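Every number in this text was worked out from the coordinates using simple rules, so none of it is lab data. The structure displayed is predicted, hence computed values, not measured ones. Heads up, the Cβs are rebuilt from the backbone with ideal geometry, glycines too, and the neighbour counts pull from every protein chain shown.
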Amino acid sequence: MNYKELIKSYQSKGFGTEKKMWESIYALEDAMNCLKEKSPDAYDKAMRDLHEVFFGPHYNECFAREDVAKMHHKNSKGEMVKGEHWNMEQVASAIKGMSIPGNTNIWDVHVALNANWHDKEVKFSEWFGPEADKRIIEDAINFYFMDADAPDGKIWRYIDAMDK
């Protein structure tokens, strides 16, 4: 019997109270810590899957900061550039007055703008010069949040796909 089958059997017998569910979460804490130690990638996937169950395919501060910190590209001089380009204050200022649809939150936008900057900074700087940052922001908003046929949480799903 696996974990899911075990919990389902308890639930079907009426043992699935909120108190019991919390106790089961505490019982799994040691196993999760072991997983974190022995298989960090599996642990991260499990934590992101749990996050998505409760929060949907959208960022919170913790996952946003983690994903932005991993971003990188080589600039036009061939130097490696890593991490956050725009901080949260700059992101909030950049999108002031813009309409961001759906369940999108500021952390989704933070990740999207920084991801787009890492992906397009070199070419957009070549094409648009001093207007590059403005164009990168507009492009990110259009690509990640204004795409009518895109699924909810496009930036969450995109970054997840890039990590594979």
Globularity ratio of the stretch 1-92, using Cα Rg and 2.2 N^0.38 Å: 1.58
Axial C-alpha extent at least 18 Å, average Kyte-Doolittle at least -0.5 - helices from the chain (DSSP): 106-128, 132-145
Quotient of C-alpha Rg and 2.2 N^0.38 Å, computed over the stretch 30-84: 1.47
Listed residue pairs exceeding 25 Å between alpha carbons, taken from 8/38; 36/70; 4/70; 70/134; 45/154; 82/123: 8/38; 4/70
Counting all C-alpha pairs of the stretch 57-162, share separated by more than 16 Å (%): 55 percent
Cα-centre dipole for the chain with unit charges at Cβ (Lys and Arg positive, Asp and Glu negative), debye to 20: 300 debye
